[in-house]
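Written out below as structure tokens is the structure these notes cover.
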Amino acid sequence: MAGQRSFARKLMFNAFAWTIVLVIVFPLIWMILTSLKPQSELFMIPPGFFPEQVTFEHYWRLLTETPFLTYLRNSTVLATATTLIVIIIATLGAHSLTRFAYPGREFLARAVLFTYLLPSVVLILPLYFLMINVGLGNTLASLVIAYTTFALPYALWLLRSFMAGIPDDLEAAAMVDGASRMRAFVDVILPQALPGIISTALFTAILAWNEYLYALVLVNSDDVRPLTTGVMSMLVTSFNIEWSLLMAASVMMSVPLIFVFVFLQRYLTRGFGAGAVKG
């Protein structure tokens, strides 16, 4: 009887878990299937789940008749530049907060966390006027700076928590053997902190790739719009919504993040777990 009850509990748990997974994945599956349907099947009543005729026309139109590739380039530049800047500053800052003793160190660390808790929406107008005054209005550089302001505090706190778990003796042993502080940092600390660095980089890249509000306010030209605002302005208007192209664009926007997440998932889990339990 005990074995039967254990089997029943496992069966119920698996059924519940798969139900949750299907509910979460269903919008993505529907998006993919809709992007493969001809225009005539989009508004059928009752709607069909699978396309009666598979077509890639929407993807071809998206790539040849719209500035989608320009938006894709802009988002790639934004995500890459923001991630590099945040990782470089956060890695050096986290090392400083965990390895050097100076007045106000703990206050500074907590102030960084409180900065992250501040709603990013309250910084839109100050950042907008600042970018206009320094001549960076309507540029990709303004978005990189804006994204860095709210990605850096969390990245710094996460890497600080991760580096706090690296024993001081490793760095001290390298310096006793003749390595400089920078050499010990590069050869000893960075390899140990690599999972945290990768998970932080993923967090920053996803944040920069998906951000909408700042991109909507700070840029208004097709030449510098990222995917989030570019696709919406191109395919969603007051009079019409290009559902077929919108679904195709959504699929193509999701593929890079899914690809990166699948291959680096274990680093993301390890890095977030370290940031949650240490500090």
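We did not get these values from a lab; they are worked out from the coordinates using the rules stated. Quick caveat, the model's predicted, so the values are computed rather than measured. Every residue, glycine among them, receives a Cβ derived from its backbone with ideal geometry; neighbour counts consider all protein chains shown.
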Taking the Cα atoms only, what angle lies between the long axis of helix 124-133 and the longest principal axis of the chain, rounded to 10 degrees? 80 degrees
Test of understanding: ordering LYS10, LYS37 by Cβ neighbours within 10 Å, fewest first, what list do you get? LYS10, LYS37
What the Cα atoms of region 124-279 span along the principal axes, largest first and in whole Å, is 69, 40, 25
On average over all directions, what projected area in square nanometres does the chain have, based on the convex hull of its Cα atoms? 22.8 nm²
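Take every Cα pair under 8 Å in region 66-277 that's 6+ residues apart, average their separations, divide by the length, and report that relative contact order as a whole percent. All intermediate terms of the calculation are to be shown ahead of the outcome.
Values: 215 pairs, mean separation 73.6, N = 212.
Taking the mean separation of contacting Cα pairs over the length of region 66-277, I get 35 percent.
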Let's see if you can work this out: charge +1 on each Lys and Arg Cβ, -1 on each Asp and Glu Cβ, no other charges. What is the dipole magnitude of the chain about its Cα centre, in debye to the nearest 20? 860 debye
What FRET efficiency would be calculated for the residue pair ASN133, ASP168, taking the C-beta separation as r and a Förster radius of 45 Å, to the nearest 0.05? 0.50
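Of all the C-alpha pairs in region 2-55, what % are more than 15 Å from each other? Walk me through the numbers on the way to the answer.
Working: 875 of 1431 pairs.
Here the long-distance tail beyond 15 Å is 61 percent of all Cα pairs in region 2-55.
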On Cα atoms only, tilt of 265-277 relative to the major axis of the chain in degrees: 50 degrees
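Could you work out the helix-only [θ] at 222 nm for the chain, with each DSSP H run of four or more residues adding -39,500 (n - 2.57) and the total divided by the number of residues, to the nearest 500 deg cm²/dmol? All intermediate terms of the calculation are to be shown ahead of the outcome.
Values: 13 runs with 201 residues, N = 279.
It comes out at -23500 deg cm²/dmol, rounded to the nearest 500.
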